[in-house]
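Peer 1: Please find one structure pasted underneath; my questions will follow.
The values are calculated or read from the model by the stated rules, or taken from the named source; none is laboratory data. These numbers come from a predicted model, not from an experiment. Neighbour counts run over all protein chains shown; Cβ positions are idealised from the backbone, glycine included.
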Amino acid sequence: MRLHDKSLLPTLMALLLLGSGVSLVVGAMSIGWKEALMGLLHWQWPTLLASEVEAQYAQVLGEVRLPRLLLGLSVGATLGLCGAVMQGLFRNPLADPAIIGVSSGAAFGAALALVFSGYFISVAGLWLQSFSWALLPLCASVGAGFATWLAYRLGNRGRSVVMMLLAGVAITAVAGAGLGLLQYIANDSALRDIAMWQLGSLTGASWSAVALSTVVLFAAGGFLWRRHGELNALLLGEAEASHLGVDTLRLKKLIILLSAIAMGTAVSVAGLIGFVGLVVPHIVRLLRGPDHRFLLPYSALTGAILLVLADILARILVAPAEIPVGILTALLGAPFFIFLLHQQRRQFV
Amino acid sequence: MLLQVSQLEVAFSQAAPLLSQLNLQFNRSELVVLLGPNGSGKTSLLRTLSGELKFSGEIKIFGHTLAHWHRNERSRLTFARRFAVLPQHSSLSFAFNGAEVVQLGLAPGALPRTEQQRRVRYFMQRTGVWHLRERLFPGLSGGEKQRVQLARVLAQLSLTKPEEEKILLLDEPTSALDLKYQHQVLQLSREVAAENTLVVAVLHDINLAARYADRIVLLGQGRVQADGNATQLLNTDLIAQVYGYRGQLVDMGGYKALL
């Protein structure tokens with residue numbers, strides 16, 4: 001049974017608004033709905049409502065909670081989107097950036113950049129130094145792209161699920177060893193950052209991170225969405241797609257490149273947040289079918305909602321402390337993966 | 001000449017070539033059946049023609065020479081509307097419904113939505129799968145899948161003008177079908193061939209081939225053993241030589257069958 005846009009889109013939009021609202025009011029500092037709204041207005045236009053709003057609220061909302069919410073939305077959307085296109089590339093609904101080792105590859109790249117960023121900045125010229133903010137997402141993207149390519153080659157170009165999953169295990173192991181080595185040689189501050197990444201968290205949200213991940217999300221999402229017809233054809237199989245006039249080699253390169261940039265950016269700003277990319281496209285396919293024309297935007301939307309909801313949970317479960325959201329998504333997502341494996345187990349024997 | 005193969009060689013290893021010294025020419029409006037025992041190279045020939053195997057020699061399609069034709073070659077794109085391939089198995093594991101699978105065949109064209117729906121319906125009715133339009137493809141039986149896929153490739157070829165020449169390759173289109181649909185699909189292939197199309201099909205059943213094919217190419221050990229119409233092929237000596245099995249020809253009143 002499938003839902004159509006008339007009922008699905010308003011439901012998702014309502015959930016998005018609701019989640020966003022809740023995300024602004026919950027946290028270590030309890031702020032009411034009315035105060036939150038006024039605080040945001042005051043933060044945006046300081047002359048407005050100056051007498052009625054506590055300056056502290058406005059600051060927390062504008063500089064902590066709002067960027068955190070927006071980062072959650074854009075990272076969640078990126079994860080949902082990347083999950084959907086990876087599953088298309090591997091022609092298997094079990095593919096997920098975390099499972100096939102792409103996230104680990106990105107994390108390794110990011111850690112590499114982090115540990116050696118001091119060295120990079122010291123040798124680079126002044127002109128290059130102004131681009132040092134791009135070093136982290138760039139290295140993470142390269143790591144993600146390499147891991148995707150490797151998993152795709154080892155996984156027999158989408159023909160073998162078992163090989164794909166084993167490739168994911170191998171890539172995760174190699175990246176994990178590399179990461180361990182980097183942790184061993186890293187200084188204290190780099191070590192803390194690496195540890196945060198591996199857990200996956202939205203606490204470090206800054207406006208620049210929000211801007212970067214949002215721009216990348218819309219650019220990658222837009223380019224991929226324009227190819228929705230070819231992505232659909234690719235689901236039939238590589239040969240079948242090429243018989244339908246799809247230049248499969250170019251399409252695959254495009255998918256790997258764009259999803260690597262998107263995943264690399266997401267990992268560089270929020271760390272390893274797994275299983276969103278696995279769960280979300282499943283839900284969307286159940287509700288709206290596998291047509292990429294709808295799958296891509298709805299996966300982005302649902303991913304955004306899911307991550308923001310998970311982040312709310314992460315903040316209230318052990319308040320006033322909080323759980324890194326990556327642990328929470330893994331706790332919820334891994335059983336779902338086991339359920340899918342159980343369903344597909346006949347294909348493996 | 002729609003499709004021309006000269007000095008075609010396909011080999012994974014030098015010692016045992018899959019196909020050697022193949023020279024064949026196919027015209028439009030022909031239903032050609034490739035026959036042969038297991039390992040004779042009939043599927044290899046079809047897969048080479050569809051661009052999935054490397055080869056030496058020359059293949060000419062629609063007058064274009066394809067010396068090192070690979071499916072990723074850009075040249076393929078210009079053929080998409082006129083050249084369709086029905087795979088033997090479909091690996092689609094995503095829950096498209098029947099109508100959506102057929103609609104994928106119309107992807108190379110930019111038709112309005114209502115026209116797409118009209119054609120999806122027309123070809124699904126023609127292959128007898130209109131009742132499967134809402135059913136999810138991965139849940140269909142092998143034969144149902146094959147007929148839905150057939151509707152998809154027929155829809156793809158409908159993107160050309162009727163007078164344009166087309167090529168349709170069918171890899172064992174009847175292998176998963178029961179008796180009724182075997183005949184229905186081959187009857188349909190004849191109709192499609194009459195619409196300016198060269199249809200090349202790999203079959204296993206000699207009698208089916210003899211009943212429907214305009215021309216039969218009998219392959220054995222990677223070479224052409226016989227090339228002609230049904231009467232020329234239904235020859236117990238020839239069959240015994242190629243298949244290693246001596247059958248008996250029975251007159252069925254109008255046509256002969258090999259038992």
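Peer 1: Condition first: closer than 20 Å to A:PHE336 by Cβ and more than 14 Å from chain B (Cβ to nearest Cβ). Now tell me which residues in the range A:271-292 satisfy that.
Peer 2: Scanning the range A:271-292 gives A:LEU272, A:ILE273, A:GLY274, A:PHE275, A:VAL276, A:GLY277, A:LEU278, A:VAL279, A:VAL280.
Peer 1: If you don't mind, there's one more thing I want to ask. Could you list, ordered by first residue, the pairs with Cβ atoms under 6 Å in which the first is in the range A:238-262 and at positive phi and the second is at pLDDT below 90, at least 6 apart or interchain?
Peer 2: Every condition considered, the pairs that remain are A:GLY245/B:LEU77; A:GLY245/B:ALA80; A:GLY245/B:PRO108.
Peer 1: Restricting attention to the range A:14-42, which residues are of a type in the set (A, V, I, L, M, F, W, C), assigned to a helix (DSSP H, G or I) and touching a residue at least 60 places away in the same chain (Cβ under 8 Å)? Give the derivation first.
Peer 2: So the first thing to find is which residues in the range A:14-42 are of a type in the set (A, V, I, L, M, F, W, C), and the list is A:14-18, A:22, A:24-26, A:28-29, A:31, A:33, A:36-38, A:40-41.
Still in the running and assigned to a helix (DSSP H, G or I): A:14-18, A:22, A:24-25, A:33, A:36-38, A:40-41.
A:LEU15, A:LEU16, A:VAL22, listed by residue number.
Peer 1: Would you tally the residues in the range B:8-51 being within 14 Å of another protein chain (Cβ to nearest Cβ), out of contact with any Lys or Arg (no Cβ under 6 Å at 6 or more places or on another chain) and of a type outside the set (Ser, Thr, Tyr)?
Peer 2: 3
Peer 1: For the range B:204-237, give me the residue count where each residue is touching a Pro at 6+ places or on another chain (Cβ under 8 Å) and either among the hydroxyl-bearing types (Ser, Thr, Tyr) or assigned to a loop (DSSP other than H, G, I, E, B) (or both). I'd like the intermediate steps shown before the answer.
Peer 2: First, pick out the residues of the range B:204-237 that are touching a Pro at 6+ places or on another chain (Cβ under 8 Å): B:220, B:222.
Filter once more, keeping what is either among the hydroxyl-bearing types (Ser, Thr, Tyr) or assigned to a loop (DSSP other than H, G, I, E, B) (or both): B:222.
Total satisfying the criteria: 1.
Peer 1: Quick one: which of A:ARG2, A:ARG65 is of a type in the set (Lys, Arg), more than 28 Å from A:TRP225 (Cα to Cα) and either in contact (Cβ under 8 Å) with a residue 40 or more places away in the chain or not in a helix (DSSP H, G or I) (or both)?
Peer 2: Values: A:ARG2 fails: more than 28 Å from A:TRP225 (Cα to Cα).
Within the list A:ARG2, A:ARG65, the selection yields A:ARG65.
Peer 1: Determine if the range A:43-60 includes at least one residue that is under 26 Å from the mean Cα position of the chain (by Cα) and either on the phi < 0 side of the Ramachandran plot or part of a helix (DSSP H, G or I) (or both). Before the answer, list the steps.
Peer 2: First pass over the range A:43-60, keeping only residues under 26 Å from the mean Cα position of the chain (by Cα): A:60.
In the following step, the residues that additionally are either on the phi < 0 side of the Ramachandran plot or part of a helix (DSSP H, G or I) (or both) were identified as A:60.
Yes: the range A:43-60 contains one or more residues that are under 26 Å from the mean Cα position of the chain (by Cα) and either on the phi < 0 side of the Ramachandran plot or part of a helix (DSSP H, G or I) (or both).
Peer 1: Give me the residue from the range B:107-119 that is more than 7 Å from every other protein chain (Cβ to nearest Cβ) and touching a Leu at 6+ places or on another chain (Cβ under 7 Å) and, out of that set, surrounded by the fewest Cβ atoms within 10 Å (Cβ to Cβ).
Peer 2: So, considering only residues that are more than 7 Å from every other protein chain (Cβ to nearest Cβ) and touching a Leu at 6+ places or on another chain (Cβ under 7 Å), the one surrounded by the fewest Cβ atoms within 10 Å (Cβ to Cβ) is B:GLY109.
Peer 1: When you scan the range A:235-259, how many residues do you find that are more than 7 Å from chain B (Cβ to nearest Cβ), over 14 Å from B:GLN103 (Cα atoms) and assigned to a helix (DSSP H, G or I)? If you could, list the steps in order and put the result at the bottom.
Peer 2: Keep residues of the range A:235-259 that are more than 7 Å from chain B (Cβ to nearest Cβ), which gives A:238, A:241, A:246, A:250-259.
Those still in the list that are over 14 Å from B:GLN103 (Cα atoms) too: A:238, A:246, A:250-259.
With the extra rule that they be assigned to a helix (DSSP H, G or I), the set shrinks to A:238, A:250-259.
So the answer is 11.
Peer 1: Something else now. Might you check whether a residue that is assigned to a loop (DSSP other than H, G, I, E, B), modelled with pLDDT under 90 and away from every other protein chain (no Cβ under 14 Å) occurs anywhere in the range B:68-90?
Peer 2: Yes, that holds for at least one residue.
Peer 1: Among the residues of the range A:216-251 satisfying the criterion of being charged (D, E, K, R) and modelled with pLDDT under 90, which is surrounded by the most Cβ atoms within 10 Å (Cβ to Cβ)? Please lay out each step first, then the result.
Peer 2: Narrowing the range A:216-251 to residues charged (D, E, K, R): A:226-227, A:230, A:238, A:240, A:247, A:250.
Next, only the ones that are modelled with pLDDT under 90 stay: A:238, A:240, A:247, A:250.
Values: A:GLU238: 22, A:GLU240: 26, A:ASP247: 18, A:ARG250: 13.
It comes out as A:GLU240.
Peer 1: Next up: What number of residues in the range B:123-180 are of a type in the set (A, V, I, L, M) and within 17 Å of the chain's Cα centre (by Cα)? Let's see the steps before the verdict.
Peer 2: Taking the range B:123-180 as the starting set, the residues that turn out to be of a type in the set (A, V, I, L, M) are B:124, B:129, B:132, B:136, B:140, B:148, B:150-151, B:153-155, B:157, B:159, B:167-170, B:176-177, B:179.
From what's left, within 17 Å of the chain's Cα centre (by Cα): B:148, B:150-151, B:153-155, B:157, B:167-170, B:176-177.
The qualifying residues number 13.
Peer 1: Sticking with this structure for a sec: Quick check on my filter: what residues within the range B:242-258 are without any contact (Cβ under 8 Å) to a residue 40 or more places away in the chain, farther than 21 Å from B:SER40 by Cβ and out of contact with any Ser or Thr (no Cβ under 8 Å at 6 or more places or on another chain)?
Peer 2: B:VAL250, B:ASP251, B:MET252, B:GLY253, B:GLY254 - these are the residues of the range B:242-258 that are without any contact (Cβ under 8 Å) to a residue 40 or more places away in the chain, farther than 21 Å from B:SER40 by Cβ and out of contact with any Ser or Thr (no Cβ under 8 Å at 6 or more places or on another chain).
Peer 1: May I pose another question? Collect the residues in the range B:91-104 that are in a loop (DSSP other than H, G, I, E, B) and more than 7 Å from chain A (Cβ to nearest Cβ), keeping them in residue-number order. Can you show your working first?
Peer 2: Let us first name the residues in the range B:91-104 that are in a loop (DSSP other than H, G, I, E, B), namely B:91-96.
Of everything in the range B:91-104, nothing turns out to be in a loop (DSSP other than H, G, I, E, B) and more than 7 Å from chain A (Cβ to nearest Cβ).
Peer 1: With the checklist (1) in contact with a Gly (Cβ under 6 Å, 6 or more places away or on another chain); (2) surrounded by 24 or more Cβ atoms within 10 Å (Cβ to Cβ); (3) small (Gly, Ala, Ser) in hand, flag the one item A:ALA58 doesn't pass.
Peer 2: Result: A:ALA58 passes all but (2).
Peer 1: Could I ask something else about it? Looking for whichever is free of Cβ contacts under 8 Å to residues at least 24 places away in the same chain and either surrounded by fewer than 17 Cβ atoms within 10 Å (Cβ to Cβ) or of a type in the set (D, E, K, R) (or both) here; the options are B:GLU172, B:GLU195, B:GLU191. Which one fits? Can you show your working first?
Peer 2: Values: B:GLU172 fails: free of Cβ contacts under 8 Å to residues at least 24 places away in the same chain; B:GLU195 fails: free of Cβ contacts under 8 Å to residues at least 24 places away in the same chain.
The unique qualifying residue is B:GLU191.
Peer 1: Against the definition (within 26 Å of A:ALA195 (Cα to Cα), β-branched (Val, Ile, Thr) and at pLDDT below 85), how does A:VAL267 come out, yes or no?
Peer 2: Numbers: within 26 Å of A:ALA195 (Cα to Cα): yes; β-branched (Val, Ile, Thr): yes; at pLDDT below 85: no.
No, not satisfied.
Peer 1: Determine whether the range A:320-340 contains at least one residue that is out of contact with any helix residue (DSSP H, G or I) (no Cβ under 6 Å at 6 or more places or on another chain) and surrounded by 22 or more Cβ atoms within 10 Å (Cβ to Cβ).
Peer 2: no
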